[in-house]
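Here the structure is laid out as structure tokens; the discussion comes afterwards.
Only the coordinates and a few stated rules stand behind these numbers; no lab work does. Bear in mind that the values here come from a model prediction, so they are computed numbers and not experimental data. Note that each Cβ is placed from the backbone with ideal geometry, even for glycine, and that neighbours are counted across all protein chains shown.
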There are 2 protein chains.
Amino acid sequence: MAIKAFRSSILHFKEDAQAEYFDDGILLVDSETGTVQEVVDAKDQSSELAAKLDGVEITAYENKIIMPGFIDTHIHYPQVDVIASYGEQLLDWLNNYTFPTELQFKDPEFARETADFFLNELIKNGTTTALVFGTVFKESVDAFFEASAKLNTRMICGKVMMNRNAPDGLCDDVQSSFDDTQTLIDTWHGTGRQLYAVTPRFAITSTGEQLEKAGELMKNNPGVYMQTHLSENKAEIAFVKELFPERSSYLDVYDHYGLLGPRSVFAHGVHLDETDFKRLSETQSSISFCPTSNLFLGSGLFDLEATKTFNVPVSVATDVGGGTSFSMLQTLNEAYKICQLKDYSLDARQAFYMMTLGNAKTLQLDDKIGNFESGKEADFVVVDLESTPLMQRKQSKCKTLDEVLFSLMMLGDDRAISETYVAAKQVYKK
Amino acid sequence: MAIKAFRSSILHFKEDAQAEYFDDGILLVDSETGTVQEVVDAKDQSSELAAKLDGVEITAYENKIIMPGFIDTHIHYPQVDVIASYGEQLLDWLNNYTFPTELQFKDPEFARETADFFLNELIKNGTTTALVFGTVFKESVDAFFEASAKLNTRMICGKVMMNRNAPDGLCDDVQSSFDDTQTLIDTWHGTGRQLYAVTPRFAITSTGEQLEKAGELMKNNPGVYMQTHLSENKAEIAFVKELFPERSSYLDVYDHYGLLGPRSVFAHGVHLDETDFKRLSETQSSISFCPTSNLFLGSGLFDLEATKTFNVPVSVATDVGGGTSFSMLQTLNEAYKICQLKDYSLDARQAFYMMTLGNAKTLQLDDKIGNFESGKEADFVVVDLESTPLMQRKQSKCKTLDEVLFSLMMLGDDRAISETYVAAKQVYKK
């Protein structure tokens, strides 16, 4: 064992979603196994604690909060360069910006360079785990996992399955898609910290046959994830209806092919009805709420309250490149705004819970990451509460933890991330 | 004359709202008078230009664009500390956060310290002119103008007139409000670069008698401005209807008391009907669109397209502390998003026009600021196109000026402001 200690304010959430906050705490990690040992109160004067800390190097911080690494449940690594592309809603935006860009990822070198840049943006923003879309090219997913494995981040990624309604060069076919996916699962799922997600882009770009194969992959490979898009945009929904007239709803298309379940993550779900919510709840499939993207593409206002009402697992995500920021803090800022427009107040504790343990739960990873329970993987961020003069001034006026956290999510950005640790190792320092 | 030259890419807008862009231009300013001399193409090989530049010190920039200083048409300086206050819509937010905070501004020292901080945030974000709410306390407006005069920024500010529906300590009365306003106009309107705005907070906090006095002040003092709030929130609108049952609409309250006209700026106007738009157009009263605030307070989605349809002058503004950022770039980001939700694309040229010459026009200040026409006041910003690794990467992929500007408004923040000049003098450098 090689114990390291980090002394600071510390915040994480317990299994019951309650915040545990240490104004002056010590996070003890084992740098050999990369896991959390425990969090203790630094004011504890016991000889027991003194013995534990004997000979241990302590890194101490001021005006910082240590939190679990942030988790992003929906993001496209090949869309780094698509971010901030002007003027379109979903379908045109895909055709005009995204598809041409994704064609470049046939080149493994370009893919790897982009993956490195992308992962660097994530850790710079405090995100240590993400559920990530690759492109249709198998090599682009190898490149991503190689980059992530090198950094030792816990990432979930998958090759896009897409065999229609996209440029020829971007389409696979039913068999190659199935085979490539299986090869990638065999190579990467469970290799180090990497995990695989079966990734049909969305119902528009896959035939029923391909979706059926996606279901088969899920059945054949217990433990892998499924990620796709659902009910983001009205024109998209109408197109799905045209393509699958025999299905009762957009969600029902995925349901029919066996793609619902607790490891299935559906991005967006902006336009769902009661039947959809009930079915998502029954199957414990989760929705990924992508605020900056829903606003940027004019998709609509997500109904977070409805997911609570119907007990649908829900996470929060950036959706870069439809989203406009890699920062989960800025994402919470716009999540709050969307909720305000829907007459629902997203409080700071719920927001910080969501992007740590809450998101881990929707990814079925709460046994490994999301808080500082003993034995979990030691992914954490050192958050600077005073990274700008405005934040410094605002923080000096905050009287409660709720105020501190709310100011942070409204005013913070990548500058608020002072250091990022992955499996107890520092991977980023501002 | 003391001519200084700044060589860089240069962008400004002409009177017809067309962009004039120099990939490699030179901005010549007279640092004695603080005015623009001219903008020339640096590639011009003429002896005439060579003669002009003879002996002139040239400051040269790379990967920067020089633009006119940004203009913010609605902001509250006493609300710096109210920014990012949790969980309320307009009326509760005023009662729970804003009013208690504004009480502190009875203390001129606190007011001055806040004004200095506030102005520093503005110039740090590239904003060189703003239309600013003070508090009900006369001294708070003196403090603001003193701070602005020292910096030599062109600012418009006014004492809030408010004689009901607010805490006792924050209410003035009809006569004192009238007298204090007149004294402030006499002291500050046209003193150096400072200008005055008659400032009834909104119809809820002023009696008809006070609004009548506001109209009288406007008549007695040609050239002063009027700023107030209009139709921001549905509960607010209902309350106004209750208070002024004899008036046909919220706007009609202000109209009745003679408060409409080309120097009148109405913040928000989220919930207006055709009659309102027509009346605003007839009187050439302007609306100030405050995107981050409208989202943060859940007020609603502004209809920018309708203002075009009805030829209503419209500007764009931060509305700190209801707004969540001092940055006009971040404000344009969310303006774009609101327009997307309303199925209207706010293109980058229109957006950059709005926050420079467009906003100057709605303030009737386009003879003085807003672009680099010869003789105008030399307020300008040096914008860094590569202030973050993401912006650097994105800019390297941009092929057109439109792409460059759109990326800047979607990804930029205060870091994109490299230097700010006021009347040809540097007041901020990153």
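Odds and ends about this structure:
- Chain A, rotation onto B, residue closest to that axis via Cβ, with its distance in Å: A:413, 3
- The label-point distance for residue B:367 and residue A:191, in a model that sets each label 7 Å from Cα toward Cβ, rounds to 7.2 nm.
- Helix B:401-411 axis versus longest C-alpha principal axis of chain B: approximately 50°, rounded to the nearest ten.
- Computed lengthening from residue A:397 to residue A:246, 0.36 nm per intervening residue step minus Cα-Cα distance: 48.5 nm
- R0 of 41 Å, Cβ-Cβ distance residue A:235-residue B:43: FRET efficiency to nearest 0.05: 0.35
- For residues of B:79-89, the mean tally of beta carbons on other chains within 10 Å: 6
- Cα centroid of the range A:241-268 to Cα centroid of the range B:204-253, whole Å: 53 Å
- Taking amide hydrogens as placed 1.01 Å from N in the peptide plane, the amide H of residue A:316 sits under 5 Å from those of A:73, A:289, each at least 5 positions away in sequence or on another chain.
- Comparing B:400, B:356, B:283 in a Gaussian network model of chain B where C-alpha atoms under 10 Å apart are linked, the largest mean-square fluctuation is found at B:400.
- Calculated FRET efficiency for the pair residue B:54/residue B:173, C-beta based, R₀ 45 Å, to 0.05: 0.10
- Between the amide H of residue B:427 and those of B:420, B:421, B:422, distances stay under 5 Å, these residues lying 5 or more places away or on another chain, with hydrogens modeled in the peptide plane.
- Size of charge dipole - the range B:341-430 - debye, nearest 20, with Cβ of Lys, Arg +1 and Asp, Glu -1, no other charges: 240 debye
- Placing a label point 7 Å from Cα along the Cα-to-Cβ direction at residue B:308 gives distances to the equivalent points in the other copies of 3.8 nm, listed shortest first.
- Calculated mean residue ellipticity at 222 nm for chain B: -10500 deg cm²/dmol, from DSSP H runs with n ≥ 4 weighted as -39500 (n - 2.57), summed, divided by the residue count and rounded to 500.
- Likely footprinting exposure, B:159, B:106, fewest C-beta neighbours within 10 Å first: B:106, B:159
- Sorted by Cβ neighbour density within 10 Å, fewest at the top, the residues A:61, B:336, A:353: A:61, A:353, B:336
- Taking Cα atoms only, the orientation of helix B:138-151 departs from the longest principal axis of chain B by about 0 degrees.
- Each copy carries residue B:242; placing its label point 7 Å along the C-beta direction from Cα gives inter-copy distances of 5.0 nm, listed from smallest up.
- In degrees, nearest ten, helix B:208-220 long axis to first principal axis of chain B (Cα): 40 degrees
- Lys/Arg +1, Asp/Glu -1 at C-beta; the protein assembly as shown dipole; positive extreme among B:240, A:45, A:259: A:45
- Average beta carbon contacts from partner chains per residue of B:297-306, 10 Å cutoff: 2
- Distances between equivalent label points of residue A:187 across the copies, with each point positioned 7 Å along Cα→Cβ, amount to 7.3 nm, shortest listed first.
- Highest-first arrangement of A:263-276, A:91-104, A:71-84, where packing means the average Cβ count within 10 Å: A:71-84, A:263-276, A:91-104
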